[in-house]
Amino acid sequence: MKSLPVVEPGTPDHRSPGRFLWWLARQQLPTLAGGMAFGIVWMSCQAVMPAVLGRAIDLGVADKDQQQLLLWAGVMLMIGLLQAVTGIMRHRFAVTNWLTASYRIVQLTTRQSVRLGGSLPRKVSTGEVIAIGTTDLDHIGNVMDVTARFAGAIVSFFLVSAILLSTSVQLGLVVLIGVPLLLLVMGPLLKPLQARSAVERQMRSDLSNTGTDIVGGLRVLRGIGGEGVFLDRYRRESQATRTAAVNVAKLQSVLDALQVFLPGVFVVLVVWLGARSAVAGEISAGELVAFYGYSAFLMLPLRTATEFANKLIRGRVAASRVCRVMALEPDVVEPASPAAVPAPDSELHDARSGLRVRPGLLTAIVSDQPDDSALLADRLGLCAAEQDDEVHLGGTPLTSLRHADVRERIMVSDTGAALFAGRLADRIDERGTGDVEKALFTASAEDILEALPEGLESVVTEKGRSFSGGQRQRLVLARALAADPEILVLVEPTSAVDAHTEARIADRLRAHRAGRTTVVTTVSPLLLDAVDEVAFLVDGRVVAVGTHTDLLSKVAAYRRVVVRDVEAAV
């Protein structure tokens with residue numbers, strides 16, 4: 001084992017937590033079997049050590065036979081060396097199993113997140129995904145980790161029972177019957193522990209959601225003076241989560257105490273029975289020492305068995321969360337038989353709204369309801385929550401095309417787009433093929449670049465928090481322009497910038513996208529003056545199409561929407 005095995009995600013069985021854990025175990029069966037094999041040998045060495053010690057006492061010390069003493073001492077040494085080697089290998093395999101399971105969970109959830117795309121935040125909370133990537137993978141990895149020791153505990157238990165039965169039927173039966181009884185005594189605690197763990201896990205996820213909301217909207221909260229309200233809310237949820245965790249800890253502490261107390265009582269019982277047999281002459285002094293060694297050793301498999309049950313419960317709770325995410329389906333699925341890709345410069349048409357986006361033009365969508373125009377923009381890029389086959393590219397429904405082909409030709413950049421952490425040049429030109437400087441110029445973002453000491457080599461913080469809202473919006477626009485798609489759909493690209501900057505962007509955008517198809521949702525006259533065609537949307541339907549000047553003079557409803565925006569800006 002010179003390096004960790006390559007982890008391939010595979011297709012998980014997420015019908016139930018138990019099936020998922022079983023599938024996960026099968027994916028790493030070689031390392032899991034290796035860990036179990038070394039675990040069996042390692043714990044078996046400990047199991048037979050008392051028998052060898054007893055033989056050394058009876059044949060070497062009691063009989064005063066130096067040769068036998070040296071022989072059995074040598075056997076003990078060999079068993080000790082074998083135990084040390086197998087212990088090291090067992091631990092190595094156990095760590096490998098933990099890492100393999102944990103990173104497979106990361107890969108599975110990441111792959112599912114990419115598959116769901118824009119559907120992910122609509123179907124599951126951010127805190128839920130974060131909890132999977134932090135707490136849940138740890139619990140699932142622990143199940144794979146403890147499996148090697150659990151296999152050794154089972155085999156060594158039967159090995160010790162067989163040795164005791166061969167020496168004393170009474171003691172052998174005590175072990176064979178007593179150990180399962182001890183496990184049954186602790187069994188009633190496991191089900192309520194699982195229930196409380198599930199509640200605590202859900203509350204921890206909800207608390208993560210609250211924390212994420214507060215951090216993400218801290219600037220807004222400060223603007224409206226709402227820090228105190230959200231602080232109190234977080235405190236209440238935090239205390240409720242703490243109470244739930246304490247309830248789990250109470251049961252866990254009882255279980256941990258029983259793991260020590262019950263095996264201790266069992267050891268006393270076995271030693272007492274062995275001592276009585278030794279006084280009666282039924283067993284030798286060496287066998288009595290061996291019996292004590294067996295009794296002390298049996299605490300290890302007993303505690304390992306209860307530890308396995310405890311970790312399995314937590315692992316099942318964690319697996320249920322992973323299964324919930326893995327069972328999600330995207331709003332728009334890949335077609336079973338993808339259609340042929342339409343020719344370049346094809347017309348984009350939405351039958352529901354009546355919008356026709358002619359190739360090579362800069363088209364604006366105006367609506368008095370921003371949500372309607374934003375929804376239409378999402379539909380044009382196959383990003384809506386309820387996508388149908390009414391949007392066509394060159395006469396071919398978008399839903400019948402491969403998603404990769406749609407994403408390659410149509411890009412939607414909305415107001416919720418964020419900057420990722422990393423080198424600024426890489427974050428603007430994600431594909432590595434765009435003209436970054438030209439894109440920044442069109443987005444009127446040169447001043448942002450000039451203010452950064454390291455320019456394009458500067459590191460962007462998480463979600464671009466080091467930039468203002470207007471700066472982030474311009475950098476997001478530059479990123480969309482650098483991608484240079486065939487059809488670019490921009491949702492309110494200048495809503496957070498001043499009028500002078502907006503005028504520059506409007507003038508430069510027309511030149512930058514000359515000959516390419518561009519759609520902009522806006523009610524800003526500065527942008528509308530620069531577009532080739534305007535589609536006026538009312539209740540989700542296009543009611544008028546023309547130039548900005550023509551619509552101002554001929555459509556009263558359009559004039560009210562645009563003039564209202566101007567008055568609001570003033």
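The values are calculated or read from the model by the stated rules, or taken from the named source; none is laboratory data. If you're wondering where the values come from, they're calculated on a predicted model, not measured in any experiment. Heads up, the Cβs are rebuilt from the backbone with ideal geometry, glycines too, and the neighbour counts pull from every protein chain shown. We work out accessible area using only protein heavy atoms, side chains counted, and drop any ligands, DNA or RNA first. Shrake-Rupley method; radii C 1.70, N 1.55, O 1.52, S 1.80 Å.
Numbers below:
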quantity: Criterion (crowded, with 21+ Cβ neighbours inside 10 Å and in contact with a Phe, Trp or Tyr (Cβ under 7 Å, 6 or more places away or on another chain)) met by exactly one of Ala364, Ala319; calculated: Ala319
quantity: Whichever residue in the stretch 531-560 is surrounded by 13 or more Cβ atoms within 10 Å (Cβ to Cβ) and of a type in the set (Val, Ile, Thr) and, among such residues, is nearest to Pro493 (Cα to Cα); calculated: Val531
quantity: Single unsatisfied condition, Asp256 versus (1) surrounded by 18 or more Cβ atoms within 10 Å (Cβ to Cβ); (2) under 18 Å from Val146 (Cβ atoms); (3) without any contact (Cβ under 8 Å) to a residue 40 or more places away in the chain; calculated: (1)
quantity: Residues satisfying the stated conditions in the stretch 265-283, i.e. open to solvent by 40 Å² or more (accessible area, probe 1.4 Å) and under 19 Å from Leu302 (Cα atoms); calculated: Val265, Val268, Leu269, Val271
quantity: Where a residue in the stretch 77-100 is crowded, with 20+ Cβ neighbours inside 10 Å and its partner, wherever it lies, is among the hydrophobic types (A, V, I, L, M, F, W, C) and not in a helix (DSSP H, G or I), with Cβ under 8 Å and at least six apart; calculated: Phe93/Met1; Thr96/Met1; Thr96/Leu4; Thr100/Leu4; Thr100/Val7
quantity: Index of the failed condition, Thr134 passing every other in (1) under 11 Å from the mean Cα position of the chain (by Cα); (2) open to solvent by 40 Å² or more (accessible area, probe 1.4 Å); (3) touching a residue at least 24 places away in the same chain (Cβ under 8 Å); calculated: (3)
quantity: Those residues of the stretch 155-171 which are surrounded by fewer than 17 Cβ atoms within 10 Å (Cβ to Cβ), polar (S, T, N, Q) and without any contact (Cβ under 8 Å) to a residue 24 or more places away in the chain, in sequence order; calculated: Ser166
quantity: Pair list, Cβ under 9 Å, 6 or more apart: the stretch 492-512 residue open to solvent by 40 Å² or more (accessible area, probe 1.4 Å), other residue among the basic types (Lys, Arg); calculated: Ala496/Arg472; Ala496/Arg474
